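Read through the structure below, which is laid out as structure tokens, and then see the notes.
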Amino acid sequence: MAQDPIVLVGGLASWPGRYRGLAQVLREISGSAVYTVPLTPLDWLLGRLRGYGQLVFAVASVVDKALLESESDKAILVGHSIGGIACRLYLGG
């Protein structure tokens, strides 16, 4: 069975590069592939103005890519700050 990939979803004022160190540690500890959703502070601002659907779509796209590349049937979501809420919205809540 394939290892479950890990998907990182950053917070409101975070750039995706901020999570490189965390991704590396998670990769080393778990042996899983780690993906970071490429959300920027501008994406969060536009989400506030236009609605958060595009943010959820970004999470869904990275999760789909992670699942396809890992051949796993589930992914582990790690959300930082409001990124956790984006994960929750993706999950349907």
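The values are calculated or read from the model by the stated rules, or taken from the named source; none is laboratory data. Here the structure is a predicted model, which is why all the values come from computation and not from measurement. All Cβ positions, even for glycine, are placed from backbone atoms using ideal geometry, and neighbour counts span all protein chains on display. Quick note on the areas: whole protein, heavy atoms, side chains included, nothing else; ligands and nucleic acids left out. Shrake-Rupley method; radii C 1.70, N 1.55, O 1.52, S 1.80 Å.
Using a probe of 1.4 angstrom, how much of the accessible area of the chain is carbon and sulfur, in percent?
Details: 3330 of 5690 Å².
Of all accessible area on the chain, carbon and sulfur atoms account for 59 percent.
Scoring 14-27, 72-85, 41-54 by mean Cβ neighbours within 10 Å over their residues and listing the highest first yields 72-85, 14-27, 41-54. Note that the chain presents 61 Å² accessible area per residue, ligands and nucleic acids not counted, probe 1.4 Å. Shape analysis of the chain places it in the oblate category; the axes a ≥ b ≥ c from the Cα gyration tensor give an a/c of at least 1.5, with a/b not above b/c.
Report the gain in length on full extension from GLN3 to THR40: 0.36 nm times residue separation, minus Cα-Cα distance, nm rounded to one decimal. List each step's numbers first, then the result.
Details: separation 37, 0.36 × 37 = 13.32 nm, distance 2.80 nm.
Difference between extended and current length: 10.5 nm.
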